[in-house]
1. Anything in region 152-204 that is more than 23 Å from Thr133 (Cβ to Cβ), at pLDDT 95 or above and among the basic types (Lys, Arg)? List them, or say none.
2. Among the listed residues Lys197, Lys188, Lys151, which satisfies the condition of being closer than 30 Å to Gln103 by Cα and out of contact with any helix residue (DSSP H, G or I) (no Cβ under 9 Å at 6 or more places or on another chain)?
3. Is at least one residue of region 71-80 of a type in the set (Val, Ile, Thr) and either assigned to a helix (DSSP H, G or I) or surrounded by 14 or more Cβ atoms within 10 Å (Cβ to Cβ) (or both)?
4. Going residue by residue through region 23-37, is there one that turns out to be over 21 Å from Arg78 (Cα atoms), modelled with pLDDT under 80, touching a helix residue (DSSP H, G or I) at 6+ places or on another chain (Cβ under 9 Å) and aliphatic (A, V, I, L, M)?
5. Out of all the residues in region 176-191, is one or more part of a helix (DSSP H, G or I), small (Gly, Ala, Ser) and surrounded by 14 or more Cβ atoms within 10 Å (Cβ to Cβ)?
6. Does Lys136 meet the test of being farther than 27 Å from Glu189 by Cβ, part of a helix (DSSP H, G or I) and either under 30 Å from the mean Cα position of the chain (by Cα) or among the charged types (D, E, K, R) (or both)?
7. Could you list all residues from region 146-167 that are surrounded by 11 or more Cβ atoms within 10 Å (Cβ to Cβ) and outside any helix (DSSP H, G or I)?
8. Does Thr143 meet the test of being in a helix (DSSP H, G or I), at pLDDT 95 or above, in contact with a Lys or Arg (Cβ under 8 Å, 6 or more places away or on another chain) and of a type in the set (Val, Ile, Thr)?
Amino acid sequence: MFERSRVLAVTGICATALLLALAPTVQAQKIVCWKDKTGKVVGCGDRVPPEFQQNESKTLDNRGITRQTNVSAEEAARLKLEAEKKAALKVEEDRQIAEQRRQDSALVNTYTSDKEIDQRRDRELQVVELQLTQLKNSLKNATEAEAISHKRNTEIVKSGKTVSPSLVDELTRATDERKRIEARVAEKEADKAAINKRYADQKARYLELRGGSTPPAPAAPAAKK
């Protein structure tokens, strides 16, 4: 019953204020209606009370047409944050576009054909392959050393003797060395994959920028008869 009376009172206030605003004898040219924090209209008048100034409000002219909507302080903060995020995304997007243009310019100015891209890729891969060969040889030696040390320790244990600390340390060092080299081999294999991908991407972009074709190879000189 109390809520209904309150609603009727608010409605009466708004209706009275609107009628006064529309009356030709009234000097006021606008009316403001304000809401509580739940978004419900709780009053209308010529100005928003101090306790509701942080909430949403609407300004109507003397014909009852909404001329201005003031969002709440909370909504204003949210809109500001959203605008700042959009601005930051735009800045990042512009940066990426500029960077792509720079890379494209460098790409077309570095190579005269896609074959040169393949040649540079092969040179880099050759260096990595040489390093891999050396590492795999080292891995083979480390694996054999670990196996020998492990066998020696196993034989001592089987004989019922106690393995000396130095032999235990030897096996530990051999195992650690084998694992270290295995990790280096894995890194070089990853380097190979990265090189192949990088140059594949460059080649695809180069062909796209060049219209999907490569410059024709110079004609071979005619054989003398």
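The values are calculated or read from the model by the stated rules, or taken from the named source; none is laboratory data. On a predicted model such as this, the values are computed, not experimentally measured, just so you know. Cβ placement follows ideal geometry from the backbone for every residue including glycine, while neighbour counts extend to all protein chains displayed.
1. Residues satisfying the conditions are Arg173, Lys203.
2. Working: Lys188 fails: out of contact with any helix residue (DSSP H, G or I) (no Cβ under 9 Å at 6 or more places or on another chain); Lys151 fails: closer than 30 Å to Gln103 by Cα.
The conditions single out Lys197.
3. If we filter region 71-80 for residues that are of a type in the set (Val, Ile, Thr), which is where we start, we get 71.
Now restrict to residues that are either assigned to a helix (DSSP H, G or I) or surrounded by 14 or more Cβ atoms within 10 Å (Cβ to Cβ) (or both): none.
No: zero hits.
4. Taking region 23-37 and keeping what is over 21 Å from Arg78 (Cα atoms), we get 23-33.
Still in the list and also modelled with pLDDT under 80: 23-30.
So of that shortlist, the ones also touching a helix residue (DSSP H, G or I) at 6+ places or on another chain (Cβ under 9 Å) come out as 26, 28-30.
Filter once more, so that each one left must be aliphatic (A, V, I, L, M): 26, 28.
Yes, because at least one residue in region 23-37 is over 21 Å from Arg78 (Cα atoms), modelled with pLDDT under 80, touching a helix residue (DSSP H, G or I) at 6+ places or on another chain (Cβ under 9 Å) and aliphatic (A, V, I, L, M).
5. First, pick out the residues of region 176-191 that are part of a helix (DSSP H, G or I): 176-191.
Add one more test, that the residue is small (Gly, Ala, Ser), and what stays is 183, 186, 190.
Narrowing the set further to residues that are surrounded by 14 or more Cβ atoms within 10 Å (Cβ to Cβ) leaves none.
No, region 176-191 has no match at all.
6. Values: farther than 27 Å from Glu189 by Cβ: no; part of a helix (DSSP H, G or I): yes; either under 30 Å from the mean Cα position of the chain (by Cα) or among the charged types (D, E, K, R) (or both): yes.
So Lys136 fails the test.
7. Result: Val163, Ser164.
8. Numbers: in a helix (DSSP H, G or I): yes; at pLDDT 95 or above: yes; in contact with a Lys or Arg (Cβ under 8 Å, 6 or more places away or on another chain): yes; of a type in the set (Val, Ile, Thr): yes.
Spelling it out, Thr143 is indeed in a helix (DSSP H, G or I), at pLDDT 95 or above, in contact with a Lys or Arg (Cβ under 8 Å, 6 or more places away or on another chain) and of a type in the set (Val, Ile, Thr).
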